[in-house]
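Take a look at the structure set out below.
Bear in mind these aren't lab numbers, they're just calculated from the coordinates by the rules spelled out. Here the structure is a predicted model, which is why all the values come from computation and not from measurement. Note that each Cβ is placed from the backbone with ideal geometry, even for glycine, and that neighbours are counted across all protein chains shown.
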Amino acid sequence: MTMKLLSFAIGAATAAASASSSSNTATATTVALSSTPNDNDNNNNRLTASSSAVRSLQDSNGNSYAYIDDLSGYQLQYSNCLRVKIPQENDDDAVEGNVNFYNGAYRAQYAVFATFHVCGDGGGSSDQCYDCDYGVEYATEVNQFLEVTLDHWENYCGGCQDACGGGNNRDFRRRLDEAQEVDCSVCSDSCANYYQAGGQDDDAAAANDETNYMECQEAFEEDGLQLYYGPQCSSDGRLVIGVFYDDECTIKTKHDSPDLGYHKFDTVADGCVDCAEENGAETCQDMYGESYHCFRGKDQAGRDDEMSVCSAVKKAFTVIDYGGVKKRKHGSETFLRVFFGLLSVAAIGGFFFLTFTYYIRHRGEKGQPMLSSDDVHEHEAPPGGTLT
């Protein structure tokens, strides 16, 4: 089947469609997932798929978007984590009336979302994704993302252990033997990290397992206030467990994340879900079908985006380079520079003026003796006496 390049043609696809009905049919199968990849990708991040796997969607403005119905030729790769503000009737977080008053302040509520990319199939030779389309960010609530992806990795690594290192999953091993899909050199590394803290039945590993805190639950008390554990974003976009004020885990505290293993979260973030595999096919459909398809701050899949998730994605992940922009000088900065410049000129001028004045006043006194002739008087001898 002919492999066609998917290129996002917002606007251009509409113009081509108005030209002729025949050209409209052709463009619908070649509409892109994204326009131009990031500059750092050297324009190599291109996805290919059969035309029958893609259908074109159009928004109210006539912009076209390629929706992939068959993901078997793709892989999914975790991208990032972000917090999206939950709208409130009273959207001012710092006024009375906001019910979210914790630790002496009114606080906003945020939902945590995970984003991922659609990538090429990579030939199945590695557990890493290749040729990802970075133009579109697919966003889904973090609890749903973790539930789906962790279930995938549990099945995948369970089958890997069974086929490559022993195990009790006989049904999965039988299916692997029949399909001959497992590659021990590929799955062993990822699954070794997944169970790095210990085996599946290891008590010590279980105590250090971050997946025990997937649901928002009580953590500890502080100054009589009950705090909670739940999934959160780290400062560098990784998935961690955070500490929250509320029992819905929407208002985070300033506490550091608990010291857990995070081996499973890291495997989810670093690994690649192959949509062609039996286990991966369902995972991909669930993730892709239930996510926001964010492109240029808008959801392209037609979902109800009341929380403006795609707008938040655009703001969070747009990198602006100000290197070539001339710095604007503020008025206060200019005033201070002029003021101190004039002050320096005045000080230097005053110094020379005082020096010159002193010179003028004292220039005639240099050659004069300390006593003048008028200061010396001749004393006459008293009568009958002599001068000594």
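Cross-link pairs exceeding 21 Å in C-alpha to C-alpha distance, out of 85/298; 85/252; 264/315, comprise 264/315. The gain in end-to-end length when the residue 192 to residue 235 segment is fully stretched comes to 12.9 nm, 0.36 nm per residue minus the alpha carbon separation.
Extension gain for residue 359 to residue 101 (0.36 nm times residue separation, less C-alpha to C-alpha distance): 85.5 nm. A Förster distance of 22 Å, applied to the separation of the beta-carbon atoms of residue 215 and residue 276, puts the FRET efficiency at 0.10. Dipole orientation for segment 211-317: of the candidates 257, 316, 227, 316 has the Cα lying most toward the positive pole (charges on Cβ; Lys, Arg +1; Asp, Glu -1).
The modelled label-to-label distance for the pair residue 304/residue 128, using points 7 Å beyond Cα in the direction of Cβ, is 4.3 nm. In a fully extended conformation the segment linking residue 72 and residue 337 would gain 88.9 nm over its present Cα-Cα distance, using 0.36 nm per residue.
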